[in-house]
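Visitor: First the structure, which I've put down as structure tokens, then a few questions once you've had a look.
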Amino acid sequence: MSHPTWSRPEHRLALATCSSLPDLDADDQLLLAPLAARGVAATPVVWDDPDVSWSAFDGVLVRSCWDYHLRTRDFNRWIDALEAASVQLWNPPAVLRWNAEKSYLRELAARGIDVVPTRWVERGAADSLASVLAETGWSRAVVKPAISAAAHATWRTSPDEAAAREEEFRALVASGRVMVQPYLDVVERDGEWSLVFLDGAFSHAVIKRPKAGDFRVQSHHGGEEHATVAPPALIAAAEAVVRAGAAECLYARVDGCVLDGRFQLMELELLEPSLFLREHPAAAERLADALVRALRAKIAGCERS
């Protein structure tokens, strides 16, 4: 389906990014041409730039804000300010706040989603790493802060290493809630799935694999992602996750692995996930269509009010 290119943009859209990626991540740059072809002037804008007039845009799409976990309070204040000014955000402000801390996994588990087992250690708790591992019985585990992105401050451990890593563990617990999860060999062996949903509908999937000897699948840690075809049962499991936690979202990424024949959720990414548009070029067209629909619906709603 072809789309005419307007000489004058019908909509103005800000693509929120961070100061280290002022022109967006290469993946997100693939959105610019499809949006322009649909009459949307999309501009990369650094989220904490004090000179930006966000109200000048018809909406703001959160994309490469990959420093939010290092400046959570500032990021939340930015969301609050845009919401107070009635600036349209995708995904919605309440969703962004909820998804910024991985404790949302507790809520999804309570809603019946099969989540990777997690032992939560509250900020300032006295639990030692050795006691947590003894309690869970896990021979190997992964430790991470509940507010984290791109495997920041995420590491492997075992009961034999617990004493040596106690100081590092205590520092994490002192700064915020901490997650301890079993180490899943399946990620090294078979990879981690990412299933992307646009406007509530399944779009595409990739498999992410860590480099040899590592467990982190992110590309800047040496991991790789590859386009793949997700089996129907896996898509159905991811759809259940979206219904449980992302029903109102323009974009969502469901990350997990298949363990003993069942999909286990690792993360539901609704804030600033890579959408792997390079691996599935047609997805940029689908996201552009979804954005145009959302922009028109937003403007129509303003006109009615």
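The values are calculated or read from the model by the stated rules, or taken from the named source; none is laboratory data. Values in this document were obtained by computation on a predicted structure and should not be read as measured data. Glycine gets a Cβ as well: all are built from the backbone with ideal geometry, and neighbour counts include every protein chain shown. Side chains are part of the model used for accessible areas, which takes the heavy atoms of the whole protein and leaves out ligands, DNA and RNA. Shrake-Rupley method; radii C 1.70, N 1.55, O 1.52, S 1.80 Å.
Visitor: Restricting attention to segment 37-76, which residues are over 19 Å from the mean Cα position of the chain (by Cα) and among the aromatic types (Phe, Trp, Tyr)?
Guide: 54, 57
Visitor: Let me ask something else about it. Tell me which residues, restricted to segment 42-59, are under 24 Å from residue 279 (Cα atoms) and surrounded by fewer than 21 Cβ atoms within 10 Å (Cβ to Cβ).
Guide: Pass one, segment 42-59, residues under 24 Å from residue 279 (Cα atoms): 42-44.
Across segment 42-59, the qualifying residues are 43, 44.
Visitor: While we're on this one: For segment 135-179: of the residues being acidic (Asp, Glu) and closer than 17 Å to residue 120 by Cα, which is nearest to the chain's Cα centre (by Cα)?
Guide: Result: 168.
Visitor: Tell me the residue from 239, 248, 285, 267 that is part of a loop (DSSP other than H, G, I, E, B), among the acidic types (Asp, Glu) and touching a residue at least 24 places away in the same chain (Cβ under 8 Å), please.
Guide: Numbers: 239 fails: part of a loop (DSSP other than H, G, I, E, B); 285 fails: part of a loop (DSSP other than H, G, I, E, B); 267 fails: part of a loop (DSSP other than H, G, I, E, B).
Going through 239, 248, 285, 267 in turn, the sole match is 248.
Visitor: Pick from 36, 94, 125: which is touching a Pro at 6+ places or on another chain (Cβ under 9 Å), small (Gly, Ala, Ser) and either in a helix (DSSP H, G or I) or surrounded by fewer than 16 Cβ atoms within 10 Å (Cβ to Cβ) (or both)? If you could, list the steps in order and put the result at the bottom.
Guide: On the way: 94 fails: touching a Pro at 6+ places or on another chain (Cβ under 9 Å); 125 fails: touching a Pro at 6+ places or on another chain (Cβ under 9 Å).
Of the residues listed, the single one that is touching a Pro at 6+ places or on another chain (Cβ under 9 Å), small (Gly, Ala, Ser) and either in a helix (DSSP H, G or I) or surrounded by fewer than 16 Cβ atoms within 10 Å (Cβ to Cβ) (or both) is 36.
Visitor: Considering only residues that are open to solvent by less than 30 Å² (accessible area, probe 1.4 Å) and assigned to a helix (DSSP H, G or I), which ones fall in segment 70-91?
Guide: 75, 78, 79, 82
Visitor: Identify, please: which residue in segment 128-149 is outside any strand (DSSP E or B) and at pLDDT below 95 and is, among those, surrounded by the fewest Cβ atoms within 10 Å (Cβ to Cβ)?
Guide: Among residues in segment 128-149 that are outside any strand (DSSP E or B) and at pLDDT below 95, the one surrounded by the fewest Cβ atoms within 10 Å (Cβ to Cβ) is 139.
Visitor: Of all residues in segment 60-69, which are among the hydrophobic types (A, V, I, L, M, F, W, C) and either loosely packed, with under 15 Cβ neighbours inside 10 Å or part of a strand (DSSP E or B) (or both)? Write out each step before concluding.
Guide: Residues of segment 60-69 among the hydrophobic types (A, V, I, L, M, F, W, C): 60-62, 65-66.
Listed by number, the residues that qualify are 60, 61, 62.
Visitor: Taking segment 39-77 only, how many residues are hydrophobic (A, V, I, L, M, F, W, C) and more than 24 Å from residue 144 (Cβ to Cβ)? It would help to see each step written out before you state the result.
Guide: Residues of segment 39-77 that are hydrophobic (A, V, I, L, M, F, W, C), as a first pass: 40-42, 45-47, 52, 54, 56-57, 60-62, 65-66, 70, 75.
From the residues that got through so far, the ones that are more than 24 Å from residue 144 (Cβ to Cβ) too are 40-42, 45-46, 52, 54, 56-57, 60-61.
Number satisfying all stated conditions: 11.
Visitor: Could you count how many residues in segment 8-64 are more than 17 Å from residue 251 (Cβ to Cβ), of a type in the set (Val, Ile, Thr) and in contact (Cβ under 8 Å) with a residue 40 or more places away in the chain?
Guide: 0
Visitor: Within segment 1-20, take every residue that is surrounded by 12 or more Cβ atoms within 10 Å (Cβ to Cβ) and more than 17 Å from the chain's Cα centre (by Cα) and give me the one that is modelled with the lowest pLDDT.
Guide: Checking each candidate, the answer is 6.
Visitor: Related question: Report the residue count in segment 150-181 for those that are among the hydroxyl-bearing types (Ser, Thr, Tyr) and surrounded by fewer than 16 Cβ atoms within 10 Å (Cβ to Cβ).
Guide: Within segment 150-181, residues that are among the hydroxyl-bearing types (Ser, Thr, Tyr) and surrounded by fewer than 16 Cβ atoms within 10 Å (Cβ to Cβ) number 2.
Visitor: When you scan segment 150-163, how many residues do you find that are of a type outside the set (A, V, I, L, M), in a loop (DSSP other than H, G, I, E, B) and modelled with pLDDT of 90 or more?
Guide: Step one: list which residues in segment 150-163 are of a type outside the set (A, V, I, L, M), which gives 152, 154-161.
Going one step further and asking which of them are in a loop (DSSP other than H, G, I, E, B), we end up with 152, 154, 158-161.
So of that shortlist, the ones also modelled with pLDDT of 90 or more come out as 158-161.
Final tally of qualifying residues: 4.
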